[in-house]
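The values are calculated or read from the model by the stated rules, or taken from the named source; none is laboratory data. Because the structure is a prediction, the values reported are computed rather than measured. Reconstructed Cβ throughout: ideal geometry from the backbone, glycine too, with neighbour counts over all protein chains shown.
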Amino acid sequence: MSLPRGPTRLVLLRSGGYDYADLELHSPVHLVAANNVGKTTLIAALQFLYIDDAQEMYFSHEWSETRKHYFPKLGSAILFECMTPTGFQVFGLRGLGPVQGYEYERFVYAGPYLRDDFVDGQTIRAWDDDVVHRIVGRSLRILEPRDLRTSLLGSGDAKGPYLGLVPLKRSGNYNSFRFLFRNLLRLSKIEQKHLKRLFIDITRPRLRQVKLDLRRDYATLFAQVARQSDDVAALRRVVPLMKDLLECHAKRDFVRSQLVRLWAAIEATLEEERERTKEARLDLANRTSETKRQQAELEDRDGTLAKLASGIDQRLGVCRAEVVRLQTLRDRISNFEEELEAVMRKELGADLLPQEEAV
């Protein structure tokens, strides 16, 4: 079966949380698993193959944590079996261990990936003592970071092995490929400005002019548009005022149409109020005259009553004196007994009777 150019296998050795992972890539692959089991780790690892600059890669954590995640131990490795124009080649990255800050080294050798070259049963083979001796005869070469781009492009000035995995017509388009690959790998949306720049870079050889100087080529039209824009902006600023003015104008016209009717109603109401006021004043004058007359009568009655009260006071004084006199007499006879009084009355009557007869 003829395989297309590109990676055909991805292998992780003590890398990304895996002790050993082997994933075939020459046909569509579906990763189905629960969250946080390493699906993203496998997908994101493809950046180590296609992107030459770590600063252009994207991972969910800081770069220092990412290096430690993928290359936690001395002997951790990421391997890509690739179909290249010259046949199978294995591109790999091996961890240099914690002592060297979890850095890694790139290498390439010819031929397909063989598990026994890196794994002895269930044990990962040591690089210097075992792995190197197995693959050194397959054109093993250490690939410098600066040479990865030329190897991927397969350009004539490539100092590293010829991989040719990104056969672009112009090497300058690699930055666009790198940007597009990184974003598609993340399944994220590309911002409009970046997409525009990408299209320009891709079509640059067919474009006669990629930049426009509006001020130079369209100075007059630009000035006219600027003036019109200022006018429109000024009109937009006064729109609220114009709306208020139109509403006030409509209110004024409505009020004017009501003024004649309202004025006539006011005059009629004022005349009625004047008549009511005149009648009220006349009634008030009559009531005032009647009140004065009643006041005079009350004053006359008050004088009469005062004289009467004076006579009553005099009589009251006489009565009080008589009461005192009677009380005195009463006190004087209060000790007489009734029987004795009756006898005395009888005796007195007997004494007086002969005198009256004699007369």
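Taking region 113-133, which residues are of a type in the set (Asp, Glu) and in contact with a helix residue (DSSP H, G or I) (Cβ under 7 Å, 6 or more places away or on another chain)?
Within region 113-133, just Asp117 meets the criteria.
What tally of residues in region 91-102 results from selecting those that are assigned to a loop (DSSP other than H, G, I, E, B) and more than 17 Å from Ala126 (Cα to Cα)?
1
Which of the residues belonging to region 1-24 are under 18 Å from Pro72 (Cα atoms) and assigned to a loop (DSSP other than H, G, I, E, B)?
The answer is Gly16, Gly17.
Out of the residues in region 52-84 that are under 36 Å from the mean Cα position of the chain (by Cα) and among the charged types (D, E, K, R), which is surrounded by the fewest Cβ atoms within 10 Å (Cβ to Cβ)?
Out of the qualifying residues, it is Glu62.
Among the residues of region 203-233 satisfying the criterion of being surrounded by 10 or more Cβ atoms within 10 Å (Cβ to Cβ) and of a type in the set (Gly, Ala, Ser), which is modelled with the lowest pLDDT?
Ala219
Taking Ile124 as meeting all but one of (1) surrounded by 15 or more Cβ atoms within 10 Å (Cβ to Cβ); (2) over 22 Å from Asp22 (Cα atoms); (3) in contact (Cβ under 8 Å) with a residue 40 or more places away in the chain, write down the number of the exception.
Condition not satisfied by Ile124: (2).
Please work out if Leu348 is assigned to a helix (DSSP H, G or I) and modelled with pLDDT under 85.
It is true that Leu348 is assigned to a helix (DSSP H, G or I) and modelled with pLDDT under 85.
Report every pair of residues separated by at least 6 positions or lying on different chains whose Cβ atoms are under 6 Å apart, first residue within region 20-48 and under 23 Å from Phe71 (Cα atoms) and in contact (Cβ under 8 Å) with a residue 40 or more places away in the chain, second of a type in the set (Val, Ile, Thr) and surrounded by 14 or more Cβ atoms within 10 Å (Cβ to Cβ).
Asp22/Val11; Phe48/Ile78
Which of the residues spanning region 104-121 are farther than 13 Å from Thr8 by Cα and surrounded by 15 or more Cβ atoms within 10 Å (Cβ to Cβ)?
Scanning region 104-121 gives Tyr104, Glu105, Arg106, Phe107, Val108, Tyr109, Ala110, Asp117, Phe118, Val119.
Among the candidates Gly92, Gly87, Gly101, Gly97, which residue alone is free of Cβ contacts under 8 Å to residues at least 40 places away in the same chain, buried (at least 23 other Cβ atoms within 10 Å of the Cβ) and not hydroxyl-bearing (Ser, Thr, Tyr)?
Of Gly92, Gly87, Gly101, Gly97, the one residue that is free of Cβ contacts under 8 Å to residues at least 40 places away in the same chain, buried (at least 23 other Cβ atoms within 10 Å of the Cβ) and not hydroxyl-bearing (Ser, Thr, Tyr) is Gly92.
How many residues are surrounded by 14 or more Cβ atoms within 10 Å (Cβ to Cβ) and at pLDDT below 85 if we restrict to region 1-51?
2
Residue-by-condition table, conditions (1) assigned to a loop (DSSP other than H, G, I, E, B); (2) touching a helix residue (DSSP H, G or I) at 6+ places or on another chain (Cβ under 8 Å); (3) among the small types (Gly, Ala, Ser); (4) at positive phi:
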residue: Ile135; (1), (2), (3), (4): no, yes, no, no
residue: Ile142; (1), (2), (3), (4): no, no, no, no
residue: Leu152; (1), (2), (3), (4): no, yes, no, no
residue: Gly164; (1), (2), (3), (4): yes, yes, yes, yes
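What is the number of the single condition among (1) in contact with a Lys or Arg (Cβ under 9 Å, 6 or more places away or on another chain); (2) at pLDDT below 95; (3) of a type in the set (Phe, Trp, Tyr) that Phe80 does not meet?
For Phe80, the failing item is (2).
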